[in-house]
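Working notes, beginning with the structure itself.
The values are calculated or read from the model by the stated rules, or taken from the named source; none is laboratory data. From a predicted model like this one, the values you see are computed outputs, not experimental measurements. All Cβ positions, glycine included, derive from the backbone under ideal geometry; neighbour counts span all protein chains shown.
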Amino acid sequence: MVDGKGLSTRHLSATIDKMLDAGAVALGEAGGGQTLGGGAQEYRFIPHAIQREFGVEVTPATARSLKNAVLGRFLDPADGLSNPRLQDELERCGFSGVTDASHVRDIVTRSVMPSVSLSLAGFDEIAREAERVGYPAIFHNAAPSAKRLIAAVEKHPHACLVAGHSNHPSFLPDEAISIAQDLKSKGAVIDVSTLDCIGTRWRNDPTNLDALIDTGCVDTISTDFAGGHWDGVLEAIQRMVGKKQLSAAAAVALATGNVARVFPQMAGDRGLIEKGKRADLIVVDNVNLSRVRHVVIAGRIVVRNGRLL
């Protein structure tokens, strides 16, 4: 239940301090594709709502078009199209004759907006707690949340705040760059995600990822969920090296040493090849860095030439 109504007493009693004592290694993700109109709304919630209402299947791309037409990229209904223009968008999406603009506006709004204000309210709370407890916190960085995240970074300069998936598809490329540079200048960690934008291209493409890597402002790389269709981190590293955006060492650092530096409670014992660190290593193909040849865990070879030992 994205608005919190489904939380049980057990969930509500699980305070940050209790969870950290139980072994949690970071705070977040504050916000998310479910609560801030992101990918989960496009591949799950909006399509399900339309399926329930009309018995019509819509693709994630169509759901994104309808969402942006109704609410705009910043989830402000004032930015949405007028009903006549929205009706034109419905026809473009193949909805001609299925329903009218007002009905679609109501369905999309009810799907997306109830959780938004509550989700944004959590940004300052999580930033404040991260500063208090000294653990890093991960935030949903996207068009609807960027201003709130910038404000949290400014208000809590001693907290380690991670701007997750700063290549989010809700950003235009220039927006992604300017927001990431602003956040980084204020002390935030800039993360990018593979999503499905490297080889899968189900919903996203690499435009924003490439743009941010080219600026040199990226600190870490993750996958994010992408509806379960995420591309691997090594695929992104191979792309960066193949395009000569980064050296192999710099690209690998985004997934190893930099992660250990940002998340010491999670990965402080690994991430670098040096004495005293955990000997978890992979050996990859020197032409295609996304192809893993050997895997070593705690100094023991567990995969050799792609075969599990």
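Candidates LEU195, LEU183, LEU246: the one that is among the aliphatic types (A, V, I, L, M), more than 16 Å from HIS140 (Cβ to Cβ) and assigned by TED's automatic domain parsing to the domain that holds ILE138 is LEU246. In the stretch 291-305 there is at least one residue matching the filter, namely being closer than 30 Å to GLY39 by Cα and at pLDDT 95 or above. Picking from residues in the stretch 217-257 that are among the small types (Gly, Ala, Ser) and assigned to a loop (DSSP other than H, G, I, E, B), the one that is surrounded by the fewest Cβ atoms within 10 Å (Cβ to Cβ) is SER247. So how many residues does the stretch 22-66 have that are of a type in the set (D, E, K, R) and out of contact with any helix residue (DSSP H, G or I) (no Cβ under 8 Å at 6 or more places or on another chain)? Of the residues in that region, 2 qualify. Look at the stretch 163-177: where a residue is closer than 16 Å to ILE150 by Cβ and at pLDDT 95 or above and a partner is of a type in the set (Lys, Arg) and part of a loop (DSSP other than H, G, I, E, B), sitting 6+ places away or on another chain with Cβ atoms under 7 Å, you get SER170/ARG73.
Looking only at residues in the stretch 105-162 that are among the hydrophobic types (A, V, I, L, M, F, W, C), outside any helix (DSSP H, G or I) and closer than 26 Å to LEU86 by Cβ, which one is farthest from the chain's Cα centre (by Cα)? The extreme case among them is ALA143. Among the conditions (1) over 28 Å from ALA24 (Cα atoms); (2) surrounded by fewer than 16 Cβ atoms within 10 Å (Cβ to Cβ); (3) touching a helix residue (DSSP H, G or I) at 6+ places or on another chain (Cβ under 9 Å), the only one that PRO114 does not satisfy is (3).
Residues checked against (1) touching a Leu at 6+ places or on another chain (Cβ under 6 Å); (2) aromatic (Phe, Trp, Tyr); (3) not assigned by TED's automatic domain parsing to the domain that holds LEU20:
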residue: ILE221; (1), (2), (3): yes, no, no
residue: GLY242; (1), (2), (3): no, no, no
residue: VAL252; (1), (2), (3): no, no, no
residue: GLU274; (1), (2), (3): no, no, yes
residue: VAL283; (1), (2), (3): no, no, yes
residue: ALA298; (1), (2), (3): no, no, yes
residue: ASN305; (1), (2), (3): no, no, yes
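Given the criteria surrounded by fewer than 24 Cβ atoms within 10 Å (Cβ to Cβ), of a type in the set (A, V, I, L, M, F, W, C) and within 21 Å of THR215 (Cα to Cα), does ILE177 qualify? So ILE177 passes the test.
Each residue in the stretch 198-216 was checked for being on the phi < 0 side of the Ramachandran plot and assigned to a loop (DSSP other than H, G, I, E, B), and 8 of them qualify. Residue selection: PHE95 fails the criterion of being modelled with pLDDT of 90 or more and either among the aromatic types (Phe, Trp, Tyr) or touching a strand residue (DSSP E or B) at 6+ places or on another chain (Cβ under 6 Å) (or both).
Among the residues that make up the stretch 136-148, is at least one of them in the same structural domain as GLY216 (by TED's automatic domain parsing), in contact with a Leu (Cβ under 7 Å, 6 or more places away or on another chain) and of a type in the set (S, T, N, Q)? Checked the stretch 136-148: at least one residue is in the same structural domain as GLY216 (by TED's automatic domain parsing), in contact with a Leu (Cβ under 7 Å, 6 or more places away or on another chain) and of a type in the set (S, T, N, Q). Within the set ARG293, ARG261, the sole residue that is assigned by TED's automatic domain parsing to the domain that holds ASP21, charged (D, E, K, R) and outside any loop (DSSP other than H, G, I, E, B) turns out to be ARG261. Pick out the one residue from ALA248, ALA236, ALA226, ALA255 that is over 18 Å from ASN167 (Cβ atoms) and among the aliphatic types (A, V, I, L, M). Residue meeting the stated conditions: ALA248.
Per this entry, GLU131 is not counted among residues that are of a type outside the set (Gly, Ala, Ser) and surrounded by fewer than 16 Cβ atoms within 10 Å (Cβ to Cβ). Annotation note: of CYS160, CYS93, the sole residue that is in contact with a helix residue (DSSP H, G or I) (Cβ under 8 Å, 6 or more places away or on another chain) and more than 24 Å from THR223 (Cβ to Cβ) is CYS93.
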